[in-house]
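Participant: Can you keep this structure in mind? I'll have questions shortly.
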Amino acid sequence: MKKDIILAGVGGQGILTIATIIGTAALSEGLELKQAEVHGMSQRGGDVQSHLRLSSKNIASDLIPEGKADIVISVEPMESLRYVNMLHQEKGWLVTSMNPFNNISNYPELEDVLKDIWKLPHYVTIDAEKVAKEQGSVKAANIVVLGAATPYLDIKFESLEDAIRTVFARKGEDMVKLNLKALRAGRDLAEKSS
Amino acid sequence: MQKLLLLGDEAIAQGAIDAGISGVYAYPGTPSTEITEYIQASKEAKEFGIKSMWSSNEKTAMETAIGMSYAGKKSLVCMKHVGLNVAADAFVNSAITGANGGLVVLAADDPSMHSSQNEQDSRFYGKFSFVPILEPSNQQEAYDMTRYAFELSERFSIPVLLRITTRLAHSRAGVTRLKSTTQNELKLPSNPQQFILLPAIARKQYKNLLSKQEGLEEDAFTSGNNVYTDGSDKSLGVIACGLAHNYLVENFEDGEVPYPVLKVNQYPVPKKMVQKLYDSVDKVLVLEDGYPIIEELLRGYLNIDKKVKGRLDGSIPRDGELNPNIVAKALGMKIAEGFASADSVAGRPPQLCEGCGHWDSFGALNEALQPYSGGRVLADIGCYTLSALPPLQAINSCVDMGASITMAIGAAEAGLIPAVAAIGDSTFTHSGMTGLLDAVNRKSPITVLLNDNSTTGMTGGQDSAAFGKVEDICRGVGVEEAHIRIIKPLRRLHEENVKVISEELEYDGLSVIITRRECVQTLARRMKLKHLDKKKANAKV
Ligand SMILES: Cc1ncc(C[n+]2csc(CCOP(=O)(O)OP(=O)(O)O)c2C)c(N)n1
Ligand code: SF4
């Protein structure tokens, strides 16, 4: 098993939480893992990304080679497009929220962004904020996106659920429930749309 | 023992705790900050009484560590690469004194300048100072080599430089811990003159340092940190330093590189290993995530046999961070390509946070400077440097920490009056205070905008050494009381603030305007902690 995952978003959108959940699940399945994060300057409302590599064998590089990523998971549509150069031309999936985070003056028309995404061979675009709200809180939008990516991750859904229990335990039972529901809702949507 | 999932920075921190340090000394700086933060948060470190308070700057950190080494205990010093410039005087001379207790200096380099103003390679400092260097290539090695560094330091009575780059610092992987070593007892140097660098003694000490070099090179041969792996294809040999080795291996199925490879993690690099590689192959490719240091040594100034490839002959780009594809190209391999970049992607540069006081401080400064021609704001390094970008576009320079006040003095002496210096509280106590003393002594007519947000914002909100002391320091170095003004950077006080700044710009003498409002991120964190503490206290009742 080998999965190379790019996580994308804007500073503060919770992509590191996604990484932690996938990482925790991967470890529980006995996989090797490397995760390159972005800290520092770029966190101030700038674009952030993380390279997450999972494998049943030894992993050499902390960075995923260009053109080899199996999946881009993004909490923001324009940010998802920033990394299409990383995506594998035949097998690569792009899974993204359709909710723009507009903190720049030259943010493109959302329609143009979506059109560019829909040109790719494999994609899932979801209104993660709406789905998260339906589950109880817009805060769980990042987990909805993760849910939508689960069909392509090669990790057992139960392992991811357990990881959510572990990661959110500190924040109380309500948060655990909310995020479990968000994960399931994201998954259901992805399965329906593909 | 179970594996811990650690950042490279955290692996180093855990390695240092397990190596028995008695103190970590540091000034924050991306990508090194998380090392000290990990030790500050570690229960074990607290239990063992490991000192971990932030220092005012890298030089004071380095010197405090030398003091601890003098007294026989082990210490770690951490900084970002440019911090080593600040600490250089102490660092270079610590090689001459040598260590008593183990002394390890960590420098975190930032190739591609993810959050720095240059991409200098700290290995130069190691060579320049005749100090051995360890350069781990993964998180486990980061842990192991930190421990080895302390051992090496005590065995050779020499400081050891531990060099990492952003990619390792901020990447996570599984790390296995080993059995801990205890802290040292207090024990002064057996030679009471070891740390007295009077010329007569320094000359002896320097000879002593030079005489250690052969042993250090031999250690780099026997330690197992540098590994020679033979390969059947002798058309090429590869020297891969630190992290670069991963990018090499990544390009081959199951990591089987067909060429002879020298993996370098410890310097000085043993000549006999390099010779063996050089003699057995047609060409040598040198992979270094940083400057072409080994490459330059190997090829020589005249590049006579044209055998060496790397950054200097264009096989690898001259600047920037390495990655698997750059290495693949240098090896002449075909690389995969992703999709072409989409037209609809716009840049999203970092910005000041919403609600940050710097918006108001620099908004007011901009307005107060309206009557004058542009180009008058000499600034410094911190979150406020982002006010260089639109819409504020409020500053005209950012060179090195502390340079704002001193550059403003120079510009004013050249005739640029009024000149403004813009600096943050942490930067002020890092290296701005001495410049302010210069301004007082030279009666410089500059206006200093001292942005006191009670924290070291840029690096994630560490305690600021300036906290609660800013006015006292200004008074203490001799700034006139009437020209130390305090304003609160808030939108609703804009007019008032513009007026204060305008008055001081007009004043023909030195003034300091302190703009004081807590960083909103630090405030939010403080409130969250307070809330948690309250919850805990309630739970106990
Ligand atoms: C020599 C050196 N050490 C450390 C850093 C990293 N660094 C950049 S800005 C900064 C501190 C900024 O704090 P402050 O001046 O209080 O401004 P703020 O970010 O809070 O606005 C630090 C530690 C650096 N660039 N150079
Ligand atoms: S971290 Fe603090 S100082 Fe920095 S931009 Fe945000 S609010 Fe301002």
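Participant: Would region B:227-330 count as rounded, prolate or oblate if I go by the C-alpha gyration tensor, calling it rounded below 1.5 in a/c and otherwise prolate when a/b exceeds b/c, oblate otherwise?
Facilitator: Note, shape of region B:227-330 comes out rounded.
Participant: Still on this structure, please answer the following. Rounded, prolate or oblate: which fits region A:89-194, taking a ≥ b ≥ c as square roots of the Cα gyration tensor eigenvalues, rounded meaning a/c under 1.5, else prolate when a/b beats b/c?
Facilitator: It is oblate, given that a/c is not under 1.5 and a/b is not larger than b/c.
Participant: A further question follows. Could you work out how far helix B:8-18 tilts from the main Cα principal axis of chain B, as a 0 to 90 degree angle to the nearest 10?
Facilitator: With rounding to tens, the tilt is 80 degrees.
Participant: For region B:446-506, run through the trypsin sites (Lys or Arg not before Pro) and keep only the ones in DSSP coil with at most 11 other Cβ atoms within 10 Å of their Cβ.
Facilitator: Sparse-neighbourhood loop trypsin sites (Lys or Arg not before Pro): none present.
Participant: Between B:Lys499 and B:Ser180, what's the calculated FRET efficiency when r is the beta-carbon distance and R0 is 45 Å? Round to 0.05.
Facilitator: Computed FRET efficiency for B:Lys499 and B:Ser180: 0.15.
Participant: Right, something else. Computed FRET efficiency, Cβ-Cβ of B:Ala537 and B:Asp305, R0 56 Å: what is it to the nearest 0.05?
Facilitator: The pair B:Ala537/B:Asp305 has a calculated efficiency of 0.15.
Participant: Something else: Checking the table A:Lys34/A:Lys171; A:Lys177/B:Lys536; A:Lys171/B:Lys528; B:Lys283/B:Lys329 against a 18 Å threshold on Cα-Cα, which pairs fail?
Facilitator: Cα-Cα > 18 Å for A:Lys34/A:Lys171; A:Lys177/B:Lys536; rest within.
Participant: For region B:245-348, run through the trypsin sites (Lys or Arg not before Pro) and keep only the ones in DSSP coil with at most 11 other Cβ atoms within 10 Å of their Cβ.
Facilitator: Passing sites in region B:245-348 are B:Lys306, B:Arg318, B:Lys334.
Participant: Let me spell out the model: positive unit charges on the Cβ of Lys and Arg, negative unit charges on the Cβ of Asp and Glu, origin at the Cα centre of chain B. What dipole size does that give, in debye rounded to 20?
Facilitator: The calculated dipole for chain B is roughly 1180 debye.
Participant: Further question on the same structure: Treating the angle as unsigned and between 0 and 90°, give the value, to the nearest 10°, between the Cα long axis of helix B:357-368 and the longest Cα principal axis of chain B.
Facilitator: 60 degrees
Participant: Quick one: divide the alpha-carbon radius of gyration of the protein assembly as shown by 2.2 N^0.38 Å and tell me what you get.
Facilitator: Against the compact-globule rule of thumb, the ratio is 1.00.
Participant: Using alpha-carbon pairs under 8 Å, 6+ residues apart, how would you state the relative contact order of region B:227-330 in percent?
Facilitator: In percent, rounded to a whole number, it is 30.
Participant: Another one. Quick one: net charge around B:Val227, please, counting Lys, Arg +1 and Asp, Glu -1 for every other residue with C-beta under 12 Å from its C-beta.
Facilitator: My count for the surroundings of B:Val227 gives -1.
Participant: Among rounded, prolate and oblate, which fits chain A when a ≥ b ≥ c are the square roots of the eigenvalues of its C-alpha gyration tensor, a/c under 1.5 means rounded, and a/b larger than b/c means prolate?
Facilitator: rounded
Participant: Name the residue from B:Ala524, B:Gly20, B:Gly126 whose Cα lies farthest towards the positive end of the charge dipole of chain B, charges +1 on Cβ of Lys and Arg and -1 on Cβ of Asp and Glu.
Facilitator: Positive-most Cα among the choices belongs to B:Gly20.
Participant: Shifting gears a bit: Hey, how many Å between the Cα centroid of region B:258-309 and the Cα centroid of region B:481-541?
Facilitator: 54 Å
Participant: Can you tell me the order of B:425-434, A:58-67, B:522-531, B:372-381 when each peptide is scored by its average per-residue count of other Cβ atoms within 10 angstrom, highest first?
Facilitator: B:425-434, A:58-67, B:372-381, B:522-531
Participant: Can I ask one more? Using the crude model of +1 on Lys and Arg Cβ and -1 on Asp and Glu Cβ, and no other charge, please compute the dipole size for region B:177-299 relative to its Cα centre, in debye to 20.
Facilitator: Using Cβ point charges on Lys, Arg, Asp and Glu, region B:177-299 gives about 920 debye.
Participant: Something else: Pairs of alpha-carbon atoms within less than 8 angstrom and 6+ residues apart define the contacts here; what relative contact order does chain B have, in percent?
Facilitator: Relative contact order for chain B comes out at 11 percent.
Participant: Once you place label points 7 Å from the Cα toward the Cβ at B:Gln370 and A:Lys139, how far apart are they in nm?
Facilitator: Modelled inter-label distance: 4.4 nm.
Participant: Would you mind counting up the charge near A:Ala182? Only other residues with Cβ under 14 Å from its Cβ, with Lys and Arg at +1 and Asp and Glu at -1.
Facilitator: +3
Participant: Specify the angular offset, from 0 to 90 degrees and rounded to the nearest 10, of the alpha carbon long axis of helix B:494-506 from the longest principal axis of the alpha carbons in chain B.
Facilitator: 90 degrees
Participant: How far apart, in nm, are two points set 7 Å out from the Cα along the Cα-to-Cβ line at B:Asp463 and at A:Asn102?
Facilitator: My value for the distance between the label points is 4.4 nm.
Participant: In whole Å, how far is the Cα centre of region B:152-194 from that of region A:79-129?
Facilitator: Taking the Cα centre of each part, region B:152-194 and region A:79-129 sit 46 Å apart.
Participant: Calculate the dipole size of chain A relative to its Cα centre from +1 charges on Lys and Arg beta carbons and -1 charges on Asp and Glu beta carbons; express the result in debye to the nearest 20.
Facilitator: 360 debye
Participant: Provide the FRET efficiency to the nearest 0.05 for the B:Asn441-B:Asp508 pair, computing r from the beta carbons and using R0 = 22 Å.
Facilitator: Using R0 = 22 Å, I get an efficiency of 0.85.
Participant: Please work out how many pairs of lysine residues in region B:1-123 are eight or more positions apart (or on different chains) and have Cα atoms closer than 15 angstrom.
Facilitator: 4
Participant: Give the average, rounded to an integer, of partner chain Cβ atoms located within 10 angstrom of each Cβ in A:64-71.
Facilitator: Whole-number average of other-chain Cβ neighbours for A:64-71 is 5.
Participant: If you don't mind, another one. Percent relative contact order of region B:472-533, based on C-alpha pairs within less than 8 angstrom and at least six residues apart?
Facilitator: 40 percent
Participant: So what's the net charge close to B:Phe91: Lys and Arg +1, Asp and Glu -1, counting the other residues with Cβ under 11 Å from its Cβ?
Facilitator: Cβ neighbours under 11 Å give a net charge of -2.
Participant: Given points 7 Å out from each Cα along the Cα-Cβ axis, report the B:Phe128 to B:Leu312 separation in nanometres with one decimal.
Facilitator: Result: 1.9 nm between the two label points.
None of the figures in this text is laboratory data; all of them are computed from the coordinates on show. What you are looking at is a predicted structure, and each value in this text was computed from that prediction instead of being measured. Ideal geometry is used to build each Cβ from the backbone, glycine not excepted, and the neighbour counts take in all protein chains shown.
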